[in-house]
Amino acid sequence: MDGNRRYAKRKLLEEGAGHDVGAMALLNMIIYCHELGVKYITAYAFAIDNFRRKPSEVQKIMDLLKECMTVLAKIAKHHPIKVNFAGNLELLNTELRDEARNLMGATAKYSKFVVTICVCYCCTDDIVHSVEESCREKHYYHCYIGDSHDDDKDDERPIIKLVDIEKNMYMAVIPDPDILIRTSDEHRLSNFLQWQTCHSLLASLSTDWPEIGVWHLVKVVLDFQQNYDYFVRKRSLA
Amino acid sequence: MKSQKWGSSKMESERRVLSFFIFKWASCHDALLLIGGDMIVNILLRLTWHLLHVTIHLFYFAINIANALESHLISKGLLRRYKSLHISKLQYLAIVIESEDCQTSNVIELLQWLADLGVKHVCLYDKEGILKKSKDFILEKFDGATLFQENDVLLDQSLMTLEFASFSDGKEAVAKAANVLFMKYLKSGSTSSYQGEQIFTESQMGEALKTVGGNGPEPDLLLVYGPARCHLGFPAWRIRYTEIQHMGPLKSMKYGSLIKAIYKFTMVQQNYGK
């Protein structure tokens, strides 16, 4: 969701106002995706690297996150949407973390439309976190089956497999995306889902995030459909 | 707030447009159902969809012709903007090629173009590892390069260094590195099972990946030669901040397009999250 600050500068808005419009654009995009029949939508709201921004800006984004949680909680009361928060939630303050967990718990029973907000997330941190979880699991297994410090018993030592790493990732809650959209004419992933986008269309839009609309989404979906057979073939060979 | 009012009026107009089309579709749908049932509706919808995609296909065909013309002008040096490339900004270039299109003659020609432009370090990636299997042939036919060694530092040198990678150097390498870390964890005797406690850092993961041969340099630019802009599983640990450009199929590669892609990269400014 790039371009909030550029948008605010261009429209001569006060500092932080770009993020307000960006938050509205995200809520709009969730509605457009729902109406178009998309089942999973994931948004990169806050990266671990973003903590290096000015404290006032970080606080602004946290406040907006809280407002979005409130709006999503109200929507979830009337529409069956599941909300996930993916990332290292321990880096959030207690109030936000508890609110996020409550919202996830309250909407866990739904599955028809899933909204995932990535907060305090970056892909390399997700990989390290999942390796840690896999080590803890295998360590428990290792203790359970007894002492395997004997070097002759290498074949009994538990081994971490790729499937263990993938199931322990923050993003394991949803399937890999078909399309990844980045706005503001940026052409890199910036440590977002590079593990999960092996067979995804990477779409780059020149518009800033606050100005994204339904026709941008339609255009990207049509581009994906142009190469649909190719992506299906790639996924089936994986 | 001004920004919120603007945002909500934009949303309102877009919702009206969307609702208009859904209503129109629903009205036509109901009318057609009255005439001839679901089958006619489905056939007409399919035809409309196919017609839309034919139009898009023709549009992109026209775009490709324009790009081919521009590429021709760039390669003849007629567009002043692209005459001077700050190639020193491009320390490490990765090229992702769709395995189904891996013609070694095209790959060698591409490497020659890169050598002429002054690119010193290149990683060739294809998912199935076809280029890896042909590396001896490629190095023999393209005599301006040596094989990249794990501990090579990216220095300026007369010969290009070439690295060959495939899908097994990505996710599978991470699994191997995880086992290296797991063995260290077991040997350390640590019994921490507290969920939130950090056991490893990203730099430890990077070191473990180096041990298993899965952590080469991070490319500055990644060029994708294939039908769609997709990195096809290039090692995730290495493309955190890499610029990714789509170049089209390898068989229709153009020298001018290569210059344009490198030029666009040299103009980019990254904030790294700040």
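Quick note: the coordinates plus some simple rules give every number you see, no bench work behind them. Since the model is a prediction, treat every value here as computed from it, not as a measurement. So basically every Cβ, Gly included, is an ideal-geometry build from the backbone, and we count neighbours across all protein chains shown.
So what is the relative contact order of chain A, in percent, for Cα pairs below 8 Å that sit 6 or more residues apart? Kindly include the intermediate steps, with their values, before the conclusion.
On the way: 282 pairs, mean separation 56.1, N = 238.
Once divided by the residue count of chain A, the mean separation gives 24 percent.
Helices that extend 24 Å or more along their long axis by alpha-carbon positions and average at least 0.5 on the Kyte-Doolittle scale are, among the DSSP H runs of chain A, A:17-36.
Between B:R81 and A:D185, the modelled label-to-label distance comes to 0.9 nm, taking each label 7 Å out from Cα in the direction of the beta carbon. Centre-to-centre separation between the Cα atoms of the stretch B:221-274 and those of the stretch A:187-208: 11 Å.
Farthest toward the positive end of the dipole of the stretch A:36-126, out of A:N93, A:Y44, A:H79, is the Cα of A:H79, where the dipole comes from beta carbon charges about the Cα centre. The overall shape of the protein assembly as shown is oblate: from the C-alpha gyration tensor, with semi-axes ordered a ≥ b ≥ c, the ratio a/c is 1.5 or greater and a/b is no larger than b/c. For B:T242, the amide hydrogen comes within under 5 Å of the amide hydrogens of A:L189, A:S190, counting only partners 5 or more places away or on other chains and with H modelled in the peptide plane.
For every other residue with a beta carbon closer than 14 angstrom to the beta carbon of A:K167, add +1 if it is Lys or Arg and -1 if Asp or Glu, then tell me the sum.
Details: positive: A:R136, A:K138, A:K161, B:K171; negative: A:D126, A:E132, A:E133, A:E137, A:D164, A:E166, A:D176.
With Lys, Arg at +1 and Asp, Glu at -1, the net is -3.
With the simple model of a label 7 Å out from the Cα in the direction of the Cβ, B:W113 to B:S168 spans 3.0 nm.
In chain A, helical runs assigned H by DSSP with n ≥ 4 each contribute -39500 (n - 2.57); averaged across all residues and rounded to the nearest 500, the mean residue ellipticity at 222 nm is -16000 deg cm²/dmol.
Placing unit charges on the Cβ atoms only, positive for Lys and Arg and negative for Asp and Glu, gives the protein assembly as shown a dipole magnitude near 1980 debye about its Cα centre. Hey, with R₀ at 25 Å, roughly what FRET efficiency would B:F61 and A:V218 work out to, going by the Cβ-Cβ distance, to 0.05? Result of the calculation: an efficiency of 0.80.
Note on chain A: GNM, Cα springs under 10 Å; of A:P210, A:P158, A:P80, the largest mean-square fluctuation is that of A:P158.
Give, rounded to the nearest 20 debye, the magnitude of the charge dipole that chain A has about its Cα centre when Lys and Arg contribute +1 at Cβ and Asp and Glu contribute -1 at Cβ.
On the way: 30 positive and 35 negative charges, 227 e Å.
Dipole about the Cα centre, nearest 20: 1100 debye.
The chymotrypsin sites (Phe, Trp or Tyr not before Pro) of the stretch A:192-234 include none that DSSP puts in a loop with a beta carbon having at most 14 other beta carbons within 10 Å. Using the Cβ-Cβ distance between A:F51 and A:R233 with R0 = 51 Å, the FRET efficiency computed as 1/(1 + (r/R0)^6) comes to roughly 0.80. Once you have a ≥ b ≥ c as the square roots of the Cα gyration tensor eigenvalues for the stretch A:1-145, tell me rounded if a/c is under 1.5, and otherwise prolate or oblate according to whether a/b is larger than b/c. In terms of gyration-tensor shape, oblate. Here each label is just a point 7 Å from Cα along the line to Cβ, and for B:W49 and A:V58 those points are 4.7 nm apart. Ordering B:F59, B:L117, A:V220 by Cα displacement along the dipole of the protein assembly as shown toward the positive end leaves B:F59 in first place; charges were set at the Cβ atoms of Lys, Arg (+1) and Asp, Glu (-1). Using R0 = 30 Å, the C-beta based FRET efficiency linking A:S111 and B:M39 works out to 0.40. The GluC sites (Glu not before Pro) of the stretch A:11-114 that meet both conditions, a loop assignment by DSSP and at most 12 other Cβ atoms within 10 Å of the site Cβ, are A:E14.
The slack in the chain from B:L159 to B:E207, taken as 0.36 nm per residue of separation less the alpha-carbon distance, amounts to 14.5 nm.
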